[in-house]
């Protein structure tokens, strides 16, 4: 997957490049709008991450040229201002998502993956699996090691999300948004508690543990070799 | 064009009024004097006429006249203001003592038959010189005009002075207002010493100053609080980072430090985001995209979200009532989740949190109540202040709770045209949200 980042703040740009590179993406970085626009039009990126305020051409202009050229590459905007008109303008011009600075890198990574997945038509799965854990979407049942586990509807939704995005670190804010439709950083530890309770049911009596906490970033469901 | 000053307007009005009144009085007096003089003249003429008729009694022809003329002339000599003309029935002049050159206006005349029994016989015309009356009346008219002018001038001046004096409190208000700056917001007008008409204005002015003072004090405190709230985590970050970098350490120590820094930074980012949201609300930039919401279902969704937390804390969650409200779903959830989060932190194990919603006459009422120790009455009004924490000892702790939650909730409620208040008594605390229909 090839990404292009257009960001004039050098520290932010390099951190993003490093972070996304280590997450397995091929990342190109442009430090000004003019270069960014050229690279965007010449290259065949799977996703663009554009800062709104840029020297040369600003983020809006790059998006505009891109859409004029008939490219429908998904675009994620980074903006320092959470102004309503910015949001409206971005949506009108065809931005796919936006993040307000300061944002958490885990959040950015999760959004990037969501956008990249958007185009792919995944076959409607009815059974999600990880190691010996099975989640049956049709019968709404969960089994591990052949034993049936009773989950509340919320726990079921949470586990479904973790299974669908196996191996991805999901920040708390994304989990709250996806499972409970709470689109804000509430600052509560609801997600923490919910994960802990789910883990008690899924992992306590079984090995290996599947749900992992990535400190400071979020949670991930992953099949790792037992230590 | 700039309108005339109040003083000039009132002065002109006063002057015009007094001029009109004195003019009217003068005109009436003039009229009455003239009528009075006419009456007097008529009486004098009548009297003289009787005397002269007696003197001329029996005169039927011009030939009879010379005999009587000396007595007539003697009589006329005694009354120099009188002149007499005697004319025959055919209009021929028999006698005329009126000077040939005279002003007709200076005489009042009375013409009668010499003998009342012969109306077509000789006629007497008596002229009375009324020049002195005319002089008197002319003089009086001059006096009247003078009076009109003087009274108009006097009232104009008096009016100007009175208006100036009456408006002095306004000028003082202006001076006070001009002198007010951020550092002198404690200044007040003496409302009770103002005239009744201005007392209300003075009170409104004082109330405005009080509101400004309060808002300014809050703003100052807010700025101070921001500095304080930012300084603590920044100082933590600085110290920790410098100490760790001072000498080589185990890899695990670096990792720990970075994690600790990360938590601190996340807190800072959250605080900045919250403050920006508050600032937006303050500037009227927080625009809710309203949609009709079934509050029953909305509240249930929130309770679902908080269920794991409540279960851990041993707190029961309840919801009562149904209502519809046009609101921004995300904002409303945020506002209510702050209240629920707050309630959860203060409800002891075994307690209850109850969400209650009901339509009222004026709109809609939503309550978030929880059992637990009552909040002291003195703290209630300050609960919604930014960075306010009921317990100052929690200031540095309470990781993600910077004391902005309730302020944010209030901003969101107000953005929706509603109001929020808190009541706390007898082991039950409730936040009451009221939205207009």
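What follows draws every value from the coordinates through simple rules; no lab data is involved. A quick note: this is a predicted structure, and the numbers were derived from the prediction, not measured. We place every Cβ from the backbone using ideal geometry, glycine too, and count neighbours over all the protein chains shown.
Brief remarks follow.
- Under the criterion of Cα pairs below 8 Å and six or more residues apart, the relative contact order for region B:291-436 equals 24 percent.
- Cα gyration tensor shape of region A:2-118, rounded if a/c is under 1.5, else prolate or oblate by comparing a/b with b/c: rounded
- Calculation over all alpha carbon pairs of chain B in 10 angstrom steps from 0 returns a P(r) of 4, 13, 13, 11, 9, 7, 6, 5, 5, 5, 6, 7, 5, 3, 1, 0, 0 percent.
- Once you divide the Cα radius of gyration of region B:265-333 by 2.2 N^0.38 Å, the number left is 1.42.
- For region A:21-43 versus region B:217-295, the gap between their alpha-carbon centres in whole angstrom: 31
- Over region A:151-227, relative contact order from alpha-carbon pairs under 8 Å, at least 6 apart, %: 36
- Degrees between helix B:295-313 axis and first principal axis of chain B (Cα, 0 to 90, nearest 10): 40
- Contact order, relative form, for chain A: 12 percent (alpha carbon pairs under 8 Å, 6 or more residues apart, mean separation divided by residue count).
- Share, in percent, of DSSP beta bridges within the protein assembly as shown that are antiparallel, nearest 5: 75
- Between 0 and 90°, nearest 10: helix A:59-68 axis offset from chain A longest Cα axis: 90
- Gyration tensor verdict on region B:253-370 (Cα atoms; rounded if a/c is under 1.5, prolate if a/b is larger than b/c, oblate otherwise): oblate
- Fraction of antiparallel bridges per DSSP, region B:291-436 only, in percent to nearest 5: 85
- Segment residue B:249-residue B:312, length gained on full extension (0.36 nm per residue, minus Cα span): 18.8 nm
- Sites residue A:67 and residue B:215 - FRET efficiency at Förster radius 41 Å, r taken between beta-carbons, to 0.05: 0.35
- Put in order of Cβ neighbour count within 10 Å, fewest first, the listed residues B:42, A:98, B:305 become B:42, A:98, B:305.
- Between helix B:65-78 and chain B: long-axis angle, C-alpha atoms, 0 to 90°, nearest 10: 40
- With neighbours defined as other Cβ atoms within 10 Å of a residue's Cβ, the residues B:101, B:108 order from fewest to most as B:101, B:108.
- Antiparallel beta bridges, as assigned by DSSP with both residues in chain A, represent about 50 percent of the total such bridges.
- Ordering A:200, A:124 from the fewest to the most neighbouring beta carbons within 10 Å gives A:124, A:200.
- Counting only other chain Cβ atoms within 10 Å of each residue's Cβ, the peptide A:177-185 averages 5.
- The calculated FRET efficiency for residue B:297 paired with residue B:9, based on their beta-carbon distance and R0 = 51 Å, is about 0.20.
- Cα gyration tensor shape of the protein assembly as shown, rounded if a/c is under 1.5, else prolate or oblate by comparing a/b with b/c: prolate
- FRET efficiency estimate (nearest 0.05) - Cβ-Cβ, residue A:100 to residue B:208, R0 35 angstrom: 0.45
- In nm, spacing of pseudo-spin labels at residue B:234 and residue A:213 (7 Å Cα→C-beta vector): 3.1
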